[in-house]
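Asker: Handing you a structure now.
The values are calculated or read from the model by the stated rules, or taken from the named source; none is laboratory data. All figures in this text were calculated on a predicted structure; none of them were measured in a lab. All Cβ positions, glycine included, derive from the backbone under ideal geometry; neighbour counts span all protein chains shown. Only protein heavy atoms, including side chains, enter the accessible area calculation; ligands, DNA and RNA are left aside. Shrake-Rupley method; radii C 1.70, N 1.55, O 1.52, S 1.80 Å.
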Amino acid sequence: MSQEPINIAGVCAFPNPNGVRDMRFVDCNYNTLFLLPNHSSIIMTKPDGTQMKHQCSYIDDYHIYIGQCGFHIMEFAEMAWRNGYTYLPEHPREKDCCDTYALYQLKDVIKTDYFCCAYDRAKGRIRPADYRCVYRCNLGPGTTLEDLRKKHSMEHRPGGSTLRSLCDSDILLVNQSGKQAAYYVEAEKFQELPDSFAAQFSQQDKPEKNKHKHEFER
């Protein structure tokens with residue numbers, strides 16, 4: 001016998017008949033990132049480092065409440081992708097994919113003498129203080145630096161109305177499998193920077209937890 005739908009806040013929902021209420025979070029390519037027990041919380045981080053904690057509630061295997069807003073799991077992933085928000089479990093578990101990356105671009109390209117320069121020319125002049133974080137995102141399984149280059153160079157890239165395409169002198173700060181690395185972007189490769197740069201970039205934006213009530217930008 002087929003399962004009958006249940007109307008939950010206007011959603012035609014099909015809750016798991018076995019009583020399992022884990023919520024699935026995916027990236028914008030529909031890769032599963034982590035499962036979250038019902039009524040657990042996620043931490044969302046904006047490009048400026050501001051953090052927001054939201055309790056999540058199960059609707060069915062494809063729909064969840066994030067705070068007071070209902071989402072299809074793919075709709076939520078795409079919203080975060082467009083706006084440059086990362087989302088991670090408040091209490092990560094061993095199998096969770098908590099990899100993320102952040103894109104840093106020069107704050108003042110006119111006053112910076114290594115904008116769009118190859119690494120060999122910029123080496124020795126790179127200063128984290130010259131940069132600001134303009135975008136963050138979860139890093140799905142198997143995603144490479146070249147995948148990120150394509151993503152941030154395409155016409156319909158996230159933040160495309162305000163952010164320039166990825167170019168020489170940009171920095172990618174990657175957090176993957178518990179390790180952090182900073183990469184200087186060049187036209188055909190990525191130059192890994194010393195560990196001290198990764199540490200400085202990660203400390204540049206201090207999180208401000210729950211400073212503002214946040215309304216989702218769908």
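Asker: Tell me, in nm to one decimal, what length is gained between Gln176 and Asp48 on full extension, where the rule is 0.36 nm per residue of separation less the Cα-Cα distance?
Answerer: Difference between extended and current length: 44.1 nm.
Asker: Quick one: in segment 63-196, what % of C-alpha pairs are over 23 Å apart?
Answerer: More than 23 Å apart: 38 percent of the Cα pairs in segment 63-196.
Asker: Show me, for segment 46-56, the HN-Hα J-couplings you get by feeding each phi into the Karplus relation (A = 6.51, B = -1.76, C = 1.60, θ = phi - 60°), rounded to Hz, glycine and proline as x.
Answerer: 3J(HN,Hα) across segment 46-56, in whole Hz: 7, x, 7, x, 5, 10, 10, 9, 10, 6, 10.
Asker: I want to check the label-to-label distance for Ala129 and Thr32. Put each point 7 Å from Cα in the C-beta direction and report it in nm to one decimal.
Answerer: 4.8 nm
Asker: Kindly report the accessible area of segment 45-137 per residue (heavy atoms of protein chains, probe 1.4 Å, no ligands, DNA or RNA), in Å².
Answerer: On a per-residue basis, segment 45-137 sits at 48 Å².
Asker: Hey, rough spin-label estimate for Gln55 and Asp120, points 7 angstrom out along Cα→Cβ, what's it come to in nanometres?
Answerer: Placing both labels 7 Å beyond Cα along the Cβ direction yields 5.9 nm.
Asker: For the pair Lys150 and Gln204, what calculated FRET efficiency results from E = 1/(1 + (r/R0)^6), where r is the Cβ-Cβ distance and R0 = 35 Å, to the nearest 0.05?
Answerer: The pair Gln204/Lys150 has a calculated efficiency of 0.85.
Asker: Once the piece of chain linking Glu90 and Glu192 is laid out straight, how much longer is it, given 0.36 nm per residue of separation minus the C-alpha distance between them?
Answerer: Here the answer is 33.8 nm.
Asker: Right, something else. Can you send over the carbon and sulfur percentage of the accessible area for segment 60-218, probe radius 1.4 Å, protein chains only?
Answerer: That fraction is 47 percent.
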